[in-house]
1. Scan the stretch 34-55 for residues that are more than 18 Å from the chain's Cα centre (by Cα) and of a type outside the set (Asp, Glu) and jot them down.
2. Yes or no: the stretch 81-88 includes at least one residue that is at pLDDT 70 or above, in a loop (DSSP other than H, G, I, E, B), assigned by TED's automatic domain parsing to the domain that holds Pro169 and among the hydrophobic types (A, V, I, L, M, F, W, C).
3. Being in contact (Cβ under 8 Å) with a residue 60 or more places away in the chain and at positive phi narrows it down to one residue among Gly156, Gly115; which is it?
4. Of the residues Leu67, Leu93, which single one is within 17 Å of the chain's Cα centre (by Cα) and over 15 Å from Leu129 (Cα atoms)?
Amino acid sequence: MTPRRAVLGIAGIAALAIGAGELMRRFGPAGPSPLVDEAAPPLAGPRLDDPAAAWSSASLAGRPWLLNFWASWCAPCRDEHPLLVELAAERRLAMVGVAHQDRRDAARGWLARQGNPYDTVLEDADGALAAPWRLPGVPATFVVDGSGRVRLRRIGALRAADLDTWVRPLLKALGV
């Protein structure tokens, strides 16, 4: 490889890195979302622990809450789970989990082994609960404020830096 080609290659890589950095600066880790700053879609469905019992997000009216779509078969969901357990232990925050396209016994068993950070866990075997939230996949985490507006959307596994940069400051601003 000639020195000129090497310099051009390095310049090209630098330009790509700058472009990626600009996208992250503009959109953050959550990416643009038509749900952010809009009314949260209603969420209602069967509870994982008692499928005959229904739960509705209307029960959280006036309170901020965190919503997490996850599955026991999802490796990134398993990666972020300890952070959700940590968040649940440190904050008085309503946390709702949705077992997305998962088997009831697998989801229940996984929570029993790993710890359950959620106040309520819903069963979404067919993905119908997730549809209004416009998920491209799991995990996905949302923070809804006390007025029922989506304030944060994070697609992909939460990382410790996400909690420090996005989630905790938002929860503090919401008084949680």
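1. If the condition is that a residue be more than 18 Å from the chain's Cα centre (by Cα) and of a type outside the set (Asp, Glu), then Gly45, Pro46, Arg47, Leu48, Pro51, Ala52, Ala53, Ala54, Trp55 are the ones that fit.
2. No, because not a single residue in the stretch 81-88 is at pLDDT 70 or above, in a loop (DSSP other than H, G, I, E, B), assigned by TED's automatic domain parsing to the domain that holds Pro169 and among the hydrophobic types (A, V, I, L, M, F, W, C).
3. Gly156
4. Working: Leu67 fails: over 15 Å from Leu129 (Cα atoms).
Just a single option satisfies the conditions, and that option is Leu93.
The values are calculated or read from the model by the stated rules, or taken from the named source; none is laboratory data. Everything quoted here is computed from the prediction, not taken from an experiment. Quick reminder, even Gly has a Cβ in these numbers, built from the backbone with ideal geometry, and neighbours come from all protein chains shown.
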